[in-house]
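> Sharing a structure with you now.
The values are calculated or read from the model by the stated rules, or taken from the named source; none is laboratory data. No experiment lies behind these values; they were computed from the predicted model shown. Quick reminder, even Gly has a Cβ in these numbers, built from the backbone with ideal geometry, and neighbours come from all protein chains shown.
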Amino acid sequence: MIPLSHYLIVSGLLFVIGVAGVLTRRSALVIFMSVELMLNAANLALVAFSRSLHSIDGQVFVFFVMAVAAAEVAVGLAIIIVIFRNRETTNVDEINLMKW
Amino acid sequence: MIEQVFFYIFAVVAVVTGLLVITHRNAIYSALFLVGTFFCIAGMYVLLNAQFVAAVQVIVYAGAIMVLFLFVLMLLSAGEATPREPLSAQRFFGFLFAALLLLQTLMLFHVVRATGQPGEMTQEAVRRTGSSELIGEALFKNFIYPFEVVSILLLLAIVGAVVLGRKRS
């Protein structure tokens, strides 16, 4: 059996990669993808703990996290489309004023 | 032993494709690498004896969310390869803070001994009953209130996305 720490290290690595993506990329869609990567890293940690602590609650929580992530993606992509309609760009460096 | 081989394959491919997601210039390639990451994570869920979560991961994340991403990428024509961004101060500090966060995260595993109250759902119990049945039982017995709230949340997301996507007349 693979020890818990191995899964947590993978989860931590993926989370930090997601953070680096959010901080360094300029396209709004790639930033959004990095946020999804962070959510998946958290899910992996939850399922790893669920197995190590002999509880099914971790997997139930992952179920809810996935539902919330799906809802967030739908609304977030709608927002990005609306912004693109008005500004013709997805570069977050250029979307720095709420209204001009 | 075979389990360890699979774990290392899944872990290395997940981390490598994750790095490619954030570094590749073409956003569509990033989306496809993210699908690869999701599949590797689903493989790790199967190794953790969470087959239902693995199936839901492939169906929902790789099958619905990433398809939505690709639709929007194609609609906005955001798939052209952007020119290589210069290494500005913001990118340097972004990578620096991510590296510091990585150091902190790895230090946690040496310093903190996370202990909890172990429950009774041991691996044998889960294998005997099946993870789907156990998750369904927990959802409808202990987590019935969050379950109903999540259904309302999904309704809100649908209504919000439709309202946002309307053409302003």
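> Those residues that are free of Cβ contacts under 8 Å to residues at least 24 places away in the same chain, assigned to a helix (DSSP H, G or I) and either crowded, with 16+ Cβ neighbours inside 10 Å or out of contact with any helix residue (DSSP H, G or I) (no Cβ under 7 Å at 6 or more places or on another chain) (or both), I need them from the stretch A:80-93; list them, please.
Selection gives A:Ile81, A:Phe84, A:Arg85, A:Asn86, A:Arg87.
> Right, something else. Checking B:Ile22 against (1) within 9 Å of another protein chain (Cβ to nearest Cβ); (2) out of contact with any Lys or Arg (no Cβ under 7 Å at 6 or more places or on another chain), which single condition isn't satisfied?
Every condition holds for B:Ile22 apart from (2).
> In addition: Can you confirm whether A:Gly18 is more than 7 Å from chain B (Cβ to nearest Cβ) and either touching a Phe, Trp or Tyr at 6+ places or on another chain (Cβ under 7 Å) or closer than 15 Å to B:Thr37 by Cα (or both)?
Numbers: more than 7 Å from chain B (Cβ to nearest Cβ): yes; either touching a Phe, Trp or Tyr at 6+ places or on another chain (Cβ under 7 Å) or closer than 15 Å to B:Thr37 by Cα (or both): yes.
Answer is yes for this residue.
> Turning to a different aspect of this structure: Can you tell me which condition B:Ala27 does not meet? The list is (1) modelled with pLDDT of 95 or more; (2) crowded, with 17+ Cβ neighbours inside 10 Å, and all the others hold.
(1)
> Which of the following residues is at pLDDT 90 or above, within 12 Å of the chain's Cα centre (by Cα) and small (Gly, Ala, Ser): A:Ala71, A:Ala48, A:Ala42, A:Ala67? Reasoning before the result, please.
Working: A:Ala71 fails: within 12 Å of the chain's Cα centre (by Cα); A:Ala48 fails: within 12 Å of the chain's Cα centre (by Cα); A:Ala67 fails: within 12 Å of the chain's Cα centre (by Cα).
Answer to the selection: A:Ala42.
> Has the stretch B:148-158 got at least one residue that is in contact with a Pro (Cβ under 9 Å, 6 or more places away or on another chain) and of a type in the set (A, V, I, L, M)? Step through it out loud before you land on a result.
Kept after step one, since they are in contact with a Pro (Cβ under 9 Å, 6 or more places away or on another chain), are these residues of the stretch B:148-158: none.
So far as the stretch B:148-158 goes, no, none of its residues is in contact with a Pro (Cβ under 9 Å, 6 or more places away or on another chain) and of a type in the set (A, V, I, L, M).
> Testing A:Met1 on (1) surrounded by fewer than 16 Cβ atoms within 10 Å (Cβ to Cβ); (2) under 24 Å from B:Arg127 (Cα atoms); (3) touching a residue at least 12 places away in the same chain (Cβ under 8 Å), one condition comes back false. Which one is that?
(3)
> Check off (1) in contact (Cβ under 8 Å) with a residue 24 or more places away in the chain; (2) within 7 Å of chain A (Cβ to nearest Cβ); (3) surrounded by fewer than 21 Cβ atoms within 10 Å (Cβ to Cβ); (4) not acidic (Asp, Glu) for B:Ala64 and give me the number that stays unchecked.
B:Ala64 satisfies every listed condition except (1).
> Looking at the stretch B:141-160, which of the residues that are under 23 Å from the mean Cα position of the chain (by Cα) and of a type in the set (Phe, Trp, Tyr) is nearest to the other protein chains (Cβ to nearest Cβ)?
Among those that are under 23 Å from the mean Cα position of the chain (by Cα) and of a type in the set (Phe, Trp, Tyr), it is B:Phe143.
> Same structure again: If you go through the stretch A:43-60 one residue at a time, do you hit one that is surrounded by fewer than 24 Cβ atoms within 10 Å (Cβ to Cβ), more than 20 Å from A:Pro3 (Cα to Cα), touching a residue at least 12 places away in the same chain (Cβ under 8 Å) and more than 8 Å from chain B (Cβ to nearest Cβ)?
no
> Go through the stretch B:1-32 and report how many residues are under 17 Å from A:Val10 (Cα atoms), out of contact with any Cys (no Cβ under 6 Å at 6 or more places or on another chain) and not β-branched (Val, Ile, Thr).
Within the stretch B:1-32, the first condition is being under 17 Å from A:Val10 (Cα atoms), and the residues that meet it are B:3-22.
Those still in the list that are out of contact with any Cys (no Cβ under 6 Å at 6 or more places or on another chain) too: B:3-9, B:11-12, B:15-22.
From what is left, the residues that are not β-branched (Val, Ile, Thr) are B:3-4, B:6-8, B:11, B:18-20.
Count: 9.
> Can I ask one more? What's the total number of residues in the stretch A:21-42 that are touching a residue at least 60 places away in the same chain (Cβ under 8 Å) and more than 7 Å from every other protein chain (Cβ to nearest Cβ)? Let's see the steps before the verdict.
Residues of the stretch A:21-42 touching a residue at least 60 places away in the same chain (Cβ under 8 Å): A:26-29, A:31.
If we keep only those that are more than 7 Å from every other protein chain (Cβ to nearest Cβ) too, we end up with A:28, A:31.
Qualifying residue count for the region: 2.
> Of everything in the stretch A:56-75, what is hydrophobic (A, V, I, L, M, F, W, C), assigned to a helix (DSSP H, G or I) and under 30 Å from B:Ala125 (Cβ atoms)? Give them in sequence order. Step through it out loud before you land on a result.
First, the residues of the stretch A:56-75 that are hydrophobic (A, V, I, L, M, F, W, C): A:56, A:60-71, A:73-75.
When the remaining residues are screened for being assigned to a helix (DSSP H, G or I), the result is A:60-71, A:73-75.
Correct list: A:Val60, A:Phe61, A:Val62, A:Phe63, A:Phe64, A:Val65, A:Met66, A:Ala67, A:Val68, A:Ala69, A:Ala70.
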